[in-house]
Amino acid sequence: MRRFLPVTVALTGALVLAGCGSGDSQDDSKAELSVGGAYMPQPVSDSMAAGFLTVTNKGGTKDELTSVTSDVGDVTAHETVGSSMQEAKDVAVPAHGQLVFKSGGSHLMFEKLKRKPKQGEKVTVKLHFAESGTVTVEMPVKSATYSPKTGH
């Protein structure tokens, strides 16, 4: 029995240390945001436009989109409720999830346009998040009838 005591003590110590955790769990606790699939269909109106994109959060904590700004005009997030749309405040980006702004659903609404963006140009948009700060996105202007392969 005495021969096995040092081995048992060593294994017990290793298991206790392994249970103490690792640095990886701290990285997983923060929101880790990226933006993809951004585009604006060329506006048909001189004063309004829509924008679409997907915010992906690979982190273990949710974040919230608190506001959006752009040099082309005022921007608000809108969601479709029933058959009407309404402004959405503090839109959640779930942990290990996505916030999707797509045609026919939640979207960015550009109003009081200072200029009418044209196909081939890029519009700069700043997404302001509660935890992650500001993310700047270059949103290409596509044709008015553009339909992305990604489905949004």
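Determine if the range 84-98 includes at least one residue that is open to solvent by less than 70 Å² (accessible area, probe 1.4 Å), touching an Asp or Glu at 6+ places or on another chain (Cβ under 8 Å), among the β-branched types (V, I, T) and within 27 Å of K30 (Cα to Cα). Among the residues of the range 84-98, at least one is open to solvent by less than 70 Å² (accessible area, probe 1.4 Å), touching an Asp or Glu at 6+ places or on another chain (Cβ under 8 Å), among the β-branched types (V, I, T) and within 27 Å of K30 (Cα to Cα), which makes the answer yes.
Checking K30, K62, K58, K89 one by one, the residue that is touching a Pro at 6+ places or on another chain (Cβ under 8 Å) and more than 13 Å from V123 (Cβ to Cβ) is K62 and no other. Tell me yes or no: at least one residue of the range 42-52 is at pLDDT below 95, among the acidic types (D, E) and part of a loop (DSSP other than H, G, I, E, B). Within the range 42-52 (the criterion being at pLDDT below 95, among the acidic types (D, E) and part of a loop (DSSP other than H, G, I, E, B)), the answer is yes, since at least one residue qualifies. Whenever a residue of the range 60-80 is part of a loop (DSSP other than H, G, I, E, B) and hydrophobic (A, V, I, L, M, F, W, C), its partners that are modelled with pLDDT of 95 or more and surrounded by fewer than 20 Cβ atoms within 10 Å (Cβ to Cβ), lying with C-beta atoms within less than 6 angstrom and at least six residues away or across chains, give the pairs V72/L113; V72/K114. Tell me, yes or no, whether the range 25-41 has at least one residue that is more than 24 Å from M139 (Cα to Cα) and modelled with pLDDT of 85 or more. Among the residues of the range 25-41, at least one is more than 24 Å from M139 (Cα to Cα) and modelled with pLDDT of 85 or more, which makes the answer yes. If the condition is being of a type in the set (A, V, I, L, M, F, W, C) and open to solvent by 30 Å² or more (accessible area, probe 1.4 Å), then the range 32-45 contributes L33, V35, V44.
Of all the strands (runs of 3 or more DSSP E) wholly in the range 83-152, which have at least 1 residues that are modelled with pLDDT of 95 or more and polar (S, T, N, Q)? Once the strands (runs of 3 or more DSSP E) in the range 83-152 are filtered for at least 1 residues that are modelled with pLDDT of 95 or more and polar (S, T, N, Q), what remains is 97-101, 122-129, 133-142. Of the residues contained in the range 56-63, one or more are found to be open to solvent by less than 70 Å² (accessible area, probe 1.4 Å), of a type in the set (G, A, S) and in contact with an Asp or Glu (Cβ under 6 Å, 6 or more places away or on another chain). If the condition is being under 12 Å from the mean Cα position of the chain (by Cα) and open to solvent by 10 Å² or more (accessible area, probe 1.4 Å), then the range 46-55 contributes F52, T54.
If you go through the range 109-152 and pick out every residue that is more than 19 Å from S34 (Cβ to Cβ), touching a strand residue (DSSP E or B) at 6+ places or on another chain (Cβ under 8 Å) and among the small types (G, A, S), you end up with 3.
Open to solvent by 90 Å² or more (accessible area, probe 1.4 Å), in contact (Cβ under 8 Å) with a residue 40 or more places away in the chain, out of contact with any helix residue (DSSP H, G or I) (no Cβ under 9 Å at 6 or more places or on another chain) and β-branched (V, I, T) - does that describe any residue in the range 100-110? Let's see the steps before the verdict.
Within the range 100-110, the first condition is being open to solvent by 90 Å² or more (accessible area, probe 1.4 Å), and the residues that meet it are 102.
Going one step further and asking which of them are in contact (Cβ under 8 Å) with a residue 40 or more places away in the chain, we end up with 102.
Those still in the list that are out of contact with any helix residue (DSSP H, G or I) (no Cβ under 9 Å at 6 or more places or on another chain) too: 102.
Then drop every residue that is not β-branched (V, I, T), which leaves none.
Scanning the range 100-110, I find no residue that is open to solvent by 90 Å² or more (accessible area, probe 1.4 Å), in contact (Cβ under 8 Å) with a residue 40 or more places away in the chain, out of contact with any helix residue (DSSP H, G or I) (no Cβ under 9 Å at 6 or more places or on another chain) and β-branched (V, I, T), so the answer is no.
Among the residues of the range 111-152, the one identified as out of contact with any Lys or Arg (no Cβ under 7 Å at 6 or more places or on another chain), open to solvent by less than 20 Å² (accessible area, probe 1.4 Å) and over 30 Å from K62 (Cβ atoms) is P117.
The values are calculated or read from the model by the stated rules, or taken from the named source; none is laboratory data. All of these numbers come straight from a predicted model, not from anything done at the bench. In this analysis, Cβ positions are derived from the backbone assuming ideal geometry, glycine residues included, and neighbour counts consider all displayed protein chains. Calculation scope for accessible area: heavy atoms of the full protein, side chains included, ligands and nucleic acids excluded. Shrake-Rupley method; radii C 1.70, N 1.55, O 1.52, S 1.80 Å.
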